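Here is the structure we will look at, set down as structure tokens.
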Amino acid sequence: MLIEFDDRESDSPYIERVWRSRSRGGGSFLSMADSNIELVISRLPGTTMVTLRGPVSRAASVDCPPHGRWLAIRFRMGAYLPDFPTAALADHKSVDLPVLTDGRFLLGGAIWEIPRFDNAEQFVARLAAAGAIALSGHARAMLEGDLKRASQRSLQRHFRQVTGMTLSRHQQIQRARNAAGLLLDGHSLLDATFDAGYFDQAHLTRSLRDLIGTTPARLARERPQLSFSYKTSAR
């Protein structure tokens, strides 16, 4: 594999997962559609970058530099940064935050130490205390299927404002990533189609081409390098 990944779950109300990776060499990989905001620390020879990466509605082929190391805090759906509207970050409109000469960086008008794999929760707790990150209860209600707290139309509008996409698009992305995981685990095309909730194999193929960046057959046969992924459900 071009890129090696390692990840862990989090008990933070703001963090879904923390992952890290390193590249063995240069090349390209399939960057899948993704619903979540991430804070990514990139370490390449001679440089360190801290980037806010927004949701991505479609897959793309991305170049990977050699000898790189990355650490990412993947925020839960419904978490957002008030100073950085999620829609403004969406579809590769990432923001590189200023990194100071002492290795710290600027976010929300304050200076922060770059987090590590083992202290992401403490870092994000400090962000929350400073008001630099927040969590939308309404968006979480929609994800959990609770539409009683407000009108459906107002919830949909709020969800899109907070997450940068519609609930329907988020569910499509989750379904596609789930199907991709099933195929990579050795499930048949027929089983992956129905286990992931698709109408038929043509529906699955269209979805994976758009959201994963390849066809189900090629995914199962060639096992191309994908961006960070883990077992998920269609929700």
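Values computed for the structure shown
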| item | result |
| --- | --- |
| Gain on full stretching of the segment that runs from T101 to E9 - 0.36 nm per residue minus C-alpha separation | 30.0 nm |
| The range 3-135, relative contact order [Cα under 8 Å, separation at least 6], % | 26 |
| Surface/4 estimate of mean projected area, convex hull on alpha-carbon atoms of the range 37-97, nm² | 4.6 |
| Most fluctuating residue given options M32, M165, M142, as computed from a GNM of the chain linking Cα atoms under 10 Å | M142 |
| Most fluctuating residue given options R218, R169, R177, as computed from a GNM of the chain linking Cα atoms under 10 Å | R218 |
| GNM result for the chain, Cα springs below 10 Å: residue of F159, F199, F84 fluctuating most strongly | F199 |
| Sequence-separation-based contact order of the chain, relative, with Cα cut under 8 Å and 6+ spacing, percent | 21 |
| Helix-only mean residue ellipticity at 222 nm for the chain, each DSSP H run of n ≥ 4 adding -39500 (n - 2.57), per residue, nearest 500 | -9500 deg cm²/dmol |
| Prolate/oblate/rounded call for the range 93-235, Cα gyration tensor, a/c under 1.5 rounded | oblate |
| Q225-A202 FRET efficiency (beta carbon distance; Förster radius 35 Å; 0.05 resolution) | 0.85 |
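None of the figures in this text is laboratory data; all of them are computed from the coordinates on show. Computed from a predicted structure; not experimentally measured. All Cβ positions, even for glycine, are placed from backbone atoms using ideal geometry, and neighbour counts span all protein chains on display.
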